[in-house]
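Q: Next up is a structure, given as structure tokens.
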There are 4 protein chains.
Amino acid sequence: MKPICLVIGAGAGIGGNVARRFAQEGYHACLCRRSDEAGLTSMVEAIEKENGSASGFLLNAVEDGSIEERVAAIEADIGPIEVVVYNLGAQIGDRALADTSYKAFEMGWRLGTFGLFRTASAVCPAMEARGKGTILVTSATAAVRGNGGQHSHAAAMGGRRMLCQTLNAEFSSKGIHVAHIIIDGAVDAPDTLGKMLGPERFQQLRETRGLEHDGLLLPTEIAETYFYLAQQHRSAWTFEMDMRAFSDKPWWNH
Amino acid sequence: MKPICLVIGAGAGIGGNVARRFAQEGYHACLCRRSDEAGLTSMVEAIEKENGSASGFLLNAVEDGSIEERVAAIEADIGPIEVVVYNLGAQIGDRALADTSYKAFEMGWRLGTFGLFRTASAVCPAMEARGKGTILVTSATAAVRGNGGQHSHAAAMGGRRMLCQTLNAEFSSKGIHVAHIIIDGAVDAPDTLGKMLGPERFQQLRETRGLEHDGLLLPTEIAETYFYLAQQHRSAWTFEMDMRAFSDKPWWNH
Amino acid sequence: MKPICLVIGAGAGIGGNVARRFAQEGYHACLCRRSDEAGLTSMVEAIEKENGSASGFLLNAVEDGSIEERVAAIEADIGPIEVVVYNLGAQIGDRALADTSYKAFEMGWRLGTFGLFRTASAVCPAMEARGKGTILVTSATAAVRGNGGQHSHAAAMGGRRMLCQTLNAEFSSKGIHVAHIIIDGAVDAPDTLGKMLGPERFQQLRETRGLEHDGLLLPTEIAETYFYLAQQHRSAWTFEMDMRAFSDKPWWNH
Amino acid sequence: MKPICLVIGAGAGIGGNVARRFAQEGYHACLCRRSDEAGLTSMVEAIEKENGSASGFLLNAVEDGSIEERVAAIEADIGPIEVVVYNLGAQIGDRALADTSYKAFEMGWRLGTFGLFRTASAVCPAMEARGKGTILVTSATAAVRGNGGQHSHAAAMGGRRMLCQTLNAEFSSKGIHVAHIIIDGAVDAPDTLGKMLGPERFQQLRETRGLEHDGLLLPTEIAETYFYLAQQHRSAWTFEMDMRAFSDKPWWNH
């Protein structure tokens, strides 16, 4: 039986590429995303074309019980989850305080913080019982500094980072590897950055910085690091690391 | 007309003492707390006995509209709020993940993060229009590191810190001074630490570390610093500072 | 006998104003600076005109024994040093690695890190024996992030910050208050910023940002905070705080 | 011609194992260490027995010109240096301020900070001209917090971290990958930890925590991560990461 890598937030950017990378190395990838069934199916098929193994699930992470039931069903029907990648973002662009509704602020928390808490609550008991597991959490610059207009996102990500530290404090010695990965730059991801910018501005950004110049974070390359982290020997685990394109400045320099 | 200092979370520890300190310096203090009407009245009376001016309000901060309505009523009936002290804690003691209910996790966020967002949303428009205001936020060690068992509290406080940075990024140049104060140690506060430990253990702790040895943070002394921060000239504002007893180790040393 | 406040690095910016502020409150201020005897004398006279008490000393901090001998002489001839303000900067402007000589890099360390170590080595034994003392350390943005061109300065300040933490870890419980103050912005200081920019650019900057708009850190206001820190009760000491003008962005936002 | 990996500080712990790991992947490893010629020779021979390629050099890093001349000689005689691993430590154990001589403090800086500056000054021009290069810097917990007794070490490592940020700010966009790796725990390294503890205590520690339980950082596993970092695609570089054994607590939790 193949080990399972569950990706929550499996769009065409980091999530989908991480799923594919684990599938290439012999994992069964479970891809979950909120919408776009066609996109989901096509990602599963792409993995299968490479002789990988994958399942796709539509999952609305803010819905009560959605994550919990999906985890339970996978453990019951497919097998033990060895790696979870929590890849749900909560970036809604910059908004002044007056333009940030209570609903938007709460949605940031539901996706950015509470969803990870629910995921950990769902997967940790079985991982602890098995004495091993990996929880890889995609995070953002907003986890370490709150820029103007980021009220919802920064609060969500700041909470996420501290939650990761707390999870690590409880579960590291029980064999569960928690890693908080700060994606500190724009990712060449059509499903997130592409949608936020719109197709024209996204293509323009890709052409200026991305395609030839490696100036955007390439999700295939990010996926390499996620996979590497999951292979680290338990004598030398990494909890936190940052990533950005070589031509980009780290958050502390701008 | 006296300037107003609104304290949200005015128990017998930091909140009540900060209210009293501002009242001593000529502010009208508005004290808000969830329960214990007798305690609230007695704090207001203690301020009045010193010839200070104060009002007390019971306020359930997690209730819809409670903070918003209180802010509006004070601005309408008493006068402009010059200083807000957000002093609601969310510490529930250490609990394993399995013992941290979704409800407890959400309550941490409602008190620790969302309540501050609602408070800022309520006070900032008028402060911005007046070109001045001060928002002092009591924070905790859990805002900068997530210890074992602190799932709810650390996520709430990590979110609070990043939210403070975002508020500061938007409002500092508009004359609103936001300060994030990391209370990095045990406070000699009967209403919070006292209740968490129970009367016997609290008294024991006070005797070992507090009464003669200044080994607990004295809320009267913390109040001095809160008042000082509110007086800083706008050419030299502090956003973040930590506080602890001299005999205690900073969080990074233990 | 007046308590003594020793200021190492007492130019016309932070250092001189801190000396003056302590003198106004009854301290005898000992002002040390490397050069400009006329400027030094005039600062001492200005303090005396306000009925304050002060002495001025030329001191080349990088010279072997200079700090140590000055400390010993003050303790022997004037009285116990209660407060030391270490205010020597090491900013030399932005220089590419290729343009940063070994000598410049070492000078940064000598002024920024080693000088503080020597100062602490000189004052701590007597402070420890008396069970009290205060060491206020002026620091800079470069203590918490290394920007381009700051090879010498950032290495010096990063070392300074960690040294302050180590000093605090050893001496806080012995009654010595160490505070690391991050001056995160341009200071209206003719002797440092003024000399780095040259008189014309400095005056231009003052006019755009400083004089009427409080957009530069005013050293008189910084001095208020230094004095406040030295008065904090030992039950509620601050180790680290930042300061900047209200209209300036914190380092993490740019 | 094989790419060259130069390791400064190649004892039997991290340095030697990193050299060996790069040699296994086709690099020519240049191992430099201060003393123990026999140990150096035996490491070179071990690499050659695995069909790897290596050279060993005795190098006293604090000596004027030593690093600079070694770098120049390697570039002239062997070939272009693609990867430099700066692995010199400066840990001397905990010493009270009174027991930390000026010489010990300066030695910390010479090994911990200045040596890296000299190394970067020596290798960066050629790396920049070639448009690529990697500088991997072993760092320590003391780079991010100053514990009691760590005056020399924390000042050196705090400076090292800020220097790495400054180097990265200047050279990342020129194709040089700088990584600051925080080794946050005890390493199973006879040449450093072993010598500091003495043979008996070291063996005892290994038996309690290390041999069977993976409770010490294994240098072979650390070497995997160093190698991985050097292979990261430039669109997704990591500047900083931490490492510790699964059973150990991160520095912020104790």
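All of the numbers you see were taken from the coordinates with simple rules; none came from a lab. Please read these numbers as outputs of a predicted model, since none were measured by experiment. Neighbour counts are summed over all protein chains in view; Cβ atoms, including those assigned to glycine, are modelled from backbone coordinates with ideal geometry.
Q: I need the GluC sites (Glu not before Pro) found in segment A:169-254, filtered to DSSP loop residues with at most 16 other beta carbons within 10 Å of theirs. Show your work: numbers first, answer last.
A: Details: sites: A:Glu170, A:Glu200, A:Glu207, A:Glu212, A:Glu221, A:Glu224, A:Glu240; in loops: A:Glu212.
Hits after loop and neighbour filter: A:Glu212.
Q: For segment B:76-119 and segment C:144-167, what is the separation of their C-alpha centers, rounded to whole Å?
A: Segment B:76-119 and segment C:144-167 have Cα centres separated by 36 Å.
Q: In nm, give the distance between the simple-model label positions of C:Lys132 and C:Val62, each being 7 Å from the Cα along the Cα-to-Cβ direction.
A: Those two pseudo-labels are separated by 3.8 nm.
Q: Next up: Rounded, prolate or oblate for chain C? Axes are the square roots of the Cα gyration tensor eigenvalues, ordered a ≥ b ≥ c, and the cut-off for rounded is a/c under 1.5. List each step's numbers first, then the result.
A: On the way: a/c = 1.42, a/b = 1.24, b/c = 1.14.
It comes out rounded by the Cα gyration axes.
Q: List the distances, in nm and shortest first, from the label point of C:Asp99 to the matching label points in every other copy, placing each point 7 Å from Cα along the Cα-to-Cβ direction.
A: 4.0, 4.6, 6.1
Q: Here is a follow-up. Could you run the Karplus curve 6.51 cos²θ - 1.76 cosθ + 1.60 with θ = phi - 60° over segment A:87-93 and give me ³J(HN,Hα) per residue in whole Hz, x for Gly and Pro?
A: 10, 7, x, 9, 6, 10, x
Q: Same structure, new question: Using only alpha carbon pairs under 8 Å that are at least six residues apart, calculate the relative contact order of segment C:16-102 and give it in whole percent.
A: Numbers: 74 pairs, mean separation 19.5, N = 87.
So the answer I get is 22 percent.
Q: On to the next question. With an 8 Å Cα cut-off and a minimum separation of 6 or more residues, compute the relative contact order for segment C:108-254 in percent.
A: Value for segment C:108-254: 25 percent.
Q: Okay, next question. Give me the log10 of I(q) over I(0) for segment D:168-225 at q = 0.29 Å⁻¹, as the Debye formula computes it from C-alpha points; what are the numbers?
A: Here log10 of I(q) over I(0) equals -1.19.
Q: Right, next: C:Val178's amide H: which non-local residues (gap 5+, or another chain) put their own amide H closer than 5 Å, with H modeled 1.01 Å from N in plane and none for Pro or chain starts?
A: Those qualifying (amide H under 5 Å, at least 5 residues apart or on another chain) are C:Ile135.
Q: Hey, what do the phi angles of segment B:41-56 turn into as Karplus ³J(HN,Hα) couplings, whole Hz, using 6.51/-1.76/1.60 and θ = phi - 60°, x for Gly and Pro?
A: For segment B:41-56, the Karplus-derived couplings read 4, 5, 5, 4, 5, 4, 5, 5, 4, 8, 6, x, 10, 7, 10, x Hz, x marking Gly and Pro.
Q: Further, regarding this structure: Along the Cα-to-C-beta direction of D:Gln203, a point sits 7 Å from the Cα; which residues of segment D:1-32 have their amide N less than 20 Å from that point?
A: Hits in segment D:1-32 for D:Gln203 at 20 Å: D:12-13.
Q: Expressed as a rounded percentage, what relative contact order does chain D have, with Cα pairs under 8 Å and six or more residues apart?
A: This gives 19 percent for chain D.
Q: Counting only other chains, and only Cβ atoms inside 10 Å, what mean value do you get across the residues of C:139-148? Could you put the intermediate results ahead of the total?
A: Details: counts 0, 0, 1, 3, 2, 3, 9, 14, 9, 11.
The mean count of partner-chain Cβ atoms within 10 Å per residue comes to 5.
Q: Based on Cβ point charges of +1 for Lys and Arg and -1 for Asp and Glu, what charge dipole magnitude is obtained for segment C:48-119 about its Cα centre, in debye rounded to the nearest 20?
A: Charge dipole, segment C:48-119, about its Cα centre: 260 debye, nearest 20.
Q: Additional query: Rounded if a/c is under 1.5, else prolate if a/b is larger than b/c, else oblate: which is segment A:17-98, with a ≥ b ≥ c the root eigenvalues of its Cα gyration tensor?
A: prolate
Q: Return the average number of partner chain Cβ atoms within 10 angstrom of each residue Cβ along peptide A:111-122.
A: 3
Q: Starting from the coordinates of the alpha-carbon atoms of the protein assembly as shown, obtain the Kirkwood hydrodynamic radius over all distinct pairs and give the value in Å to one decimal. Before the final figure, lay out the partial values.
A: Numbers: mean 1/r = 0.0336 Å⁻¹.
About 29.8 Å for the protein assembly as shown.
Q: Between the label point of A:Met1 and that of the same position in each other copy, find the distances and list them shortest first in nm, with every label point placed 7 Å from Cα along the Cα-to-C-beta direction.
A: Here the equivalent label points are 5.5, 7.0, 7.9 nm apart from this one.
Q: Starting from the Cα of C:Lys132, draw a straight line to each of the lysines and keep only those under 29 Å, dropping any in the same chain fewer than 8 residues away.
A: Answer for C:Lys132, where 29 Å is the Cα cut-off: B:Lys249, C:Lys2, C:Lys174, D:Lys103, listed by chain and number.
Q: Shifting gears a bit: Which aspartates and glutamates, if any, have their Cα less than 16 Å from the Cα of D:Lys49, not counting same-chain residues under 8 positions apart?
A: D:Glu25
Q: Right, here's the next one. Which value, in debye to the nearest 20, describes the size of the charge dipole of segment B:117-182 about its Cα centre when Lys and Arg Cβ atoms bear +1, Asp and Glu Cβ atoms bear -1, and nothing else is charged? Walk me through the intermediate numbers first.
A: Values: 7 positive and 2 negative charges, 12 e Å.
Computed charge dipole of segment B:117-182: roughly 60 debye.
Q: Now for a separate question. Taking each label point as 7 Å beyond Cα in the direction of the beta carbon, state the distances from B:Gly79 to the same residue in the other copies, shortest first, in nm.
A: List, nearest first: 4.2, 7.2, 8.0 nm.
Q: Average partner chain C-beta neighbours within 10 Å, per residue of B:90-99?
A: That average works out to 2.
Q: Just want the ordering: C:Ser42, D:Ser152, C:Ser66, from fewest to most Cβ atoms lying within 10 Å of their own Cβ.
A: Ranked by crowding around the Cβ, least crowded first: C:Ser42, C:Ser66, D:Ser152.
Q: Give the percent of DSSP beta bridges with both residues in the protein assembly as shown that are antiparallel, rounded to the nearest 5.
A: On the way: 6 of 138 bridges.
Bridges in the protein assembly as shown that DSSP calls antiparallel: roughly 5 percent.
Q: To continue, here is another question. Might you report the magnitude of the Cβ-based charge dipole of chain C about its Cα centre, with Lys and Arg at +1 and Asp and Glu at -1, to the nearest 20 debye? List each step's numbers first, then the result.
A: Numbers: 24 positive and 30 negative charges, 104 e Å.
So the dipole magnitude of chain C works out to roughly 500 debye.
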